[in-house]
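One structure is given here, and the rest of the page talks about it.
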Amino acid sequence: MKFIVSRETILKPLQLVAGVVERRQTLPVLANVLIALEGEQLSLTGTDLEVEIVGRVTVDQAISEGEITVPAKKFLDICRALPDGSVIEFTLDDQKVTVKSGRSRFTLSSLSANEFPAVEQGSNDINFSCEQKEVKRLIDRTAFAMAQQDVRYYLNGMLWEVRAGALRVVSTDGHRLAMCTRPINIDVAEPVQAILPRKGVIELSRLLNDSEENVELTMGPNHIRATTTEYTFTSKLVDGKFPDYERVLPKGGDKIVLGERAVLKQAFARTAILSNEKYRGVRLLLETGQLTIIANNPEQEEAEDQVAVEYEGDSIEVGFNVSYLQDVTNVLDTDKIKMTLSDSNSSALLEEPENADSVYVVMPMRL
């Protein structure tokens, strides 16, 4: 196997693929990246048995085909350390890998490609395609609400639900919930659900861009796969049952507040400075035309901020974790934000005032 490729061509896919590879491995081959050449197409594959990414590039010159695995981090470090505009000559001869560029020459250890684990294809998978920016929006709008290391392992991921004519994603950590729904061209008799693990969500988000190029999505009973012209991403699914999120969505809230998103965002940031560092609680006092945000902490310090809002109705006081409110104001991009409440013990529903494809629920705190 022998090929010649420019440093710039191979560096980006190699960085993304090497990002999946774990440093501490049970199997030595999992610390490696699989390099395979077919015709002029070079594919680079990295996996940690949960997530797999394949990057594809066209080489400048393909001399002979073949496949081999080499240490991912070392190969990436070599490519990074070479000067801009370098041309890399990669040679495999009798299980010995040589990487040459200009006056630099490196010999790398290798393991046979046969040892590299492959992800199996399923037969009863659902296939559909949509624009990359649609999937990226779904992830960007909801990923922040995923749990980090919850014992309820099914919360450490994101629910993907394929419905008739729509793709919906939901994430929750038990204290707040984020949901986004986008129309896509798919027809299913009843909703199909899959839970993508946290690491899979992060890696997929890195691969996607805001373009109108299509991404082919495949959802199976055990894995989810996304394919673009440059990459194939595969992730195992979390084996578990996601909570019935529709029951969490507050119904019948009669207190509707409209406020300037940027103004609220700044007010939350200011009051958060003096909130309790552990619990992050703030009190929202709502009166006609005005929202007062109050924070205090164990050192007897207090912050108060008043914001003009569009609201008519009874006054109400309710406590929330200010970080959760900040997360929602950070992720929305409209001028105004709509907040629906029913009483001081019920969750708040936050969304954009019109044509909202995203909905956020924040549970109240007792302060």
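The values are calculated or read from the model by the stated rules, or taken from the named source; none is laboratory data. Values in this document were obtained by computation on a predicted structure and should not be read as measured data. Because the Cβ atoms are built from the backbone with ideal geometry, glycine has one as well, and the counts that use them run over all protein chains shown. Areas reflect the complete protein model, heavy atoms only, side chains present, ligands, DNA and RNA absent. Shrake-Rupley method; radii C 1.70, N 1.55, O 1.52, S 1.80 Å.
Could you compute the net charge surrounding S171? Neighbours are other residues with a C-beta less than 10 Å from the C-beta of S171; K and R count +1, D and E count -1. Walk me through the intermediate numbers first.
Numbers: positive: R141, R176, R198; negative: D173.
Its environment carries a net charge of +2.
Note down the net charge around S104, summing +1 for each Lys or Arg and -1 for each Asp or Glu among other residues with Cβ under 13 Å from its Cβ. Could the numbers behind the result be given before it?
Numbers: positive: R7, R80, K100, R103, R105; negative: D77, E89.
Around S104, the surrounding residues sum to +3.
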| To the nearest 10 degrees, how steeply does helix 261-272 sit against the main Cα axis of the chain, on a 0 to 90 scale? | 80 degrees
| task | Express the relative contact order of the chain as a whole percentage, based on alpha carbon pairs under 8 Å and six or more residues apart in sequence. | result | 13 percent
| request: Scan (i) 0.95; (ii) 1.20; (iii) 1.29 for the value of Cα Rg over 2.2 N^0.38 Å calculated from this model and give just the label. | output: (ii)
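At 222 nm, what helix-only mean residue ellipticity would the chain give, in deg cm²/dmol to the nearest 500, using -39500 (n - 2.57) for each DSSP H run of four or more? Mind dumping the intermediate values first?
Working: 6 runs with 67 residues, N = 367.
It comes out at -5500 deg cm²/dmol, rounded to the nearest 500.
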| message | At 1.4 Å probe size, what's the solvent-accessible area of Y324? Round to the nearest 10 Å². | response | 40 Å²
| message | Give me a comma-separated list of calculated 3J(HN,Hα) values for the range 306-317, in order, Karplus coefficients 6.51, -1.76, 1.60 applied at θ = phi - 60°, integers in Hz, x for any Gly or Pro. | response | 10, 10, 6, 9, 8, 7, 10, x, 5, 6, 8, 10
| request: Whole number in Å², please: accessible area per residue of the chain, 1.4 Å probe, ligands, DNA and RNA not counted. | output: 49 Å²
| task | Using a 1.4 angstrom probe on heavy atoms only, work out the carbon and sulfur share of the accessible area of the chain in %. | result | 45 percent
| message | On C-alpha positions alone, give me the angle between the axis of helix 198-207 and the longest principal axis of the chain, in degrees, nearest 10. | response | 70 degrees
| request: In whole angstrom, note down how far apart the Cα centers of the range 44-117 and the range 297-344 are. | output: 53 Å
| query | Packing-wise, with mean Cβ within 10 Å as the measure, how do 82-95, 132-145 rank, highest first? | reply | 132-145, 82-95
| request: Just give me a number: lysine pairs in the range 1-96, eight or more positions apart or cross-chain, with C-alpha atoms less than 17 Å apart. | output: 4
